[in-house]
1. Just order 39-45, 195-201 by mean Cβ neighbour count inside 10 Å, highest at the front, would you?
2. For the pairs Lys202/Lys242; Lys242/Lys301; Lys242/Lys339, note any where the Cα-Cα span goes beyond 26 Å.
3. Name the long-range amide H neighbours of Leu224: under 5 Å, sequence gap of 5 or more, or other chain; modelled H, no Pro or chain starts.
4. Report the extension gain between Ala113 and His125 in nm, rounded to one decimal, defined as 0.36 nm multiplied by the number of residues separating them, less their alpha carbon distance.
5. How much length is gained if the chain between Leu328 and Asp187 is pulled fully straight, taking 0.36 nm per residue apart and subtracting their Cα-Cα distance, in nm to one decimal?
6. Counting only other residues whose beta carbon sits under 11 Å from that of Glu184, what net charge do I get with K and R as +1, D and E as -1?
7. Just flag the trypsin sites (Lys or Arg not before Pro) in the range 256-308 sitting in loop per DSSP whose Cβ has no more than 12 other Cβ atoms within 10 Å.
8. Lysines near Lys86 by alpha-carbon distance under 22 Å, same-chain residues fewer than 8 away left out - which ones?
Amino acid sequence: MPLRAVAEPSGSSRYLHEADRIHIADRLREKATVRAIAAELGRSPSTISREICRNRTVDPRGQWHYRPHAAQARADGRRPRPKPGKIGRMPALRDFIQGRLDRKWSPEQICQALRDTFPDRPEMHVVHETVYQALYVQGRGELRRELAGALRTGRARRIPHRQAAARRPRFAAPMVMISERPAEVEDRAVPGHWEGDLIIGKNGRSAIGTLVERATRYVMLLHLPGDHGAETVRDALVTTVKTLPAHLKRSLTWDQGSEMSRHGEFTVATDIPVHFCDPASPWQRGSNENTNGLLRQYFPKGTDLAAHTPEHLTAVAAELNGRPRKTLGWETPAERLHKLLAP
């Protein structure tokens, strides 16, 4: 039998509509299989099977019939909104999540912490999508809508991912490219290899330097109150890395921004070689790019970054280094670094 054409239902295609249910009833009377009906409606066979089981009518003799209008009424009665979600129904769960959002934890970090804190209480376990739904969809009554500002994006709604940032200009000074970087840097097994960059403030007039250690994701911030020219960045880098033990000073990877035009002088002062990424290749400093995204929670775009004191930068780095990271097996960067420094 040829497939029947089914009219496009109005409204969201996520749910079955009355026209779909009429089609199901007609085809069931014709002894069509669930798979055939599903193919005709462009649905999964499990969707059709579940619909028949949930919304069929059973007579006193125990025989069932699928009546489309009764099935539609059952489905409509099951869908009144708003319904309280799991987070809204459990004050202890809501308070746990709100407290960590206030500390700028991500929903995925929070959900892992719930499993670690309440291993024997599955009712306190949620997936990170549930947290996002409570913020973006339910809002009031689930999680405070203003907590969306604690997410690293700072958004109160979801939007598609944007394209990568525009490329930075090259500079003519001799460079050692990332292709010549030692192989030990790639697998992150040896600590002491760093990635660096600047986050730029309003109108490009202020900046903060960022350093991320590849093996531990440990963050250090450079205070650049006056300007972010090559000499200032060089001096800040030299001052910062001299606080590190020798085995944590192996290499530095940067992009081709003009602030690193004095990289040779930095290498002479610290004995740390600098490797440069290819143009328009931010993924070659993936740890640093990710960290810069996290730091924008604290230092939003379009603000004056020179207003932040060295003490504030230290506090921000400490908070970031105290967050559990999935890529570290839910250890924090500070914990991982402490293991490396322990005798």
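1. 195-201, 39-45
2. Flagged as over cut-off: Lys202/Lys242; Lys242/Lys301.
3. Those qualifying (amide H under 5 Å, at least 5 residues apart or on another chain) are Gly209.
4. Stretched fully, the Ala113-His125 segment lengthens by 3.4 nm.
5. Extra length from Leu328 to Asp187 when fully extended: 49.4 nm.
6. Computed value for this residue: +2.
7. Lys301
8. By straight Cα distance, Lys86 reaches Lys104.
Computed from the coordinates by the stated procedures, all read-outs in this text should not be read as laboratory data. Quantities reported herein were computed from a predicted structural model and do not represent experimental measurements. FYI the Cβ positions are ideal-geometry reconstructions off the backbone, even for glycines, and counts take in every protein chain you see.
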